Amino acid sequence: MPSEFESEGQLGAPSVIEPLVIKSRQAALTQAATQTTAQKGRYSGCSQPSKSCLTENSSSESQLLNEPPDTHTNYSRVLVAAMDLLARREHSQAELINKLKRRFQESIVIEEVAEQLQAENLQSDQRYAETLVRYYGDSGKGPNYIRRELVRQGVCEVIISEYLQDQDEHWLERIEQVSKKKYHLPPVDFQERAKRFRFFQSRGYTSEQIQYVLDLND
């Protein structure tokens, strides 16, 4: 399945973030990281660290994640790496932890950093869910597809239900827009109707939503 929001290199984000916004968020993250490191008492010296919607520079992230694993991880270095990932786009906490574990080996430090970032609202599963729902909804995906992505990235059911709202009427508007864009004529027979049903199902719409749009074309 594509993912990383449809392959981070391609998708990146629902929209490209303006450079000034990125710089502003990076500055805020840098200041917060410096304060957090000071509070933690520094595990060892490290350069100061440096947030967007969904855009991410895939090549530089790959370089970060593909470096040889560190056997002497310290809080400051993990924090800098986490800030770098968050400066590119929103991440769920589980996704952030998984990426950091590909670079560092000390799970306890990684989880401590992730908890600290979440406590300071620098990482937020709520923001992540809201952003992902908006992006995939705007790109024509239905609630079932989005739910699978949120679950896959470790977002809890309470947050998913809060931001997804699969029974909301706006999903009927979404599927109607997708139908009008792809199909210009009503289905000619049962076979064509079944083909369209499978298409909408693959896009993540519920049976009720699909039935609604197919009945509109009868």
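The values are calculated or read from the model by the stated rules, or taken from the named source; none is laboratory data. Note that the coordinates shown come from a computational prediction; the quantities given were computed from them, not determined experimentally. Cβ: placed from backbone, ideal geometry, glycine included. Neighbour counts: every protein chain shown.
Scanning region 101-144 for residues that are in contact with a Pro (Cβ under 8 Å, 6 or more places away or on another chain) and within 15 Å of Leu86 (Cβ to Cβ) turns up Arg103, Thr131.
Checking Ala194, Ala119, Ala129 one by one, the residue that is buried (at least 20 other Cβ atoms within 10 Å of the Cβ) and small (Gly, Ala, Ser) is Ala129 and no other.
If you check Ile159 against the conditions, is it over 30 Å from Gln93 (Cα atoms) and of a type in the set (A, V, I, L, M, F, W, C)? No: the conditions fail for Ile159.
Restricting the search to helices (runs of 4 or more DSSP H) fully inside region 57-175 and requiring at least 1 residues that are of a type in the set (Phe, Trp, Tyr) and at pLDDT 95 or above gives 125-138, 143-152.
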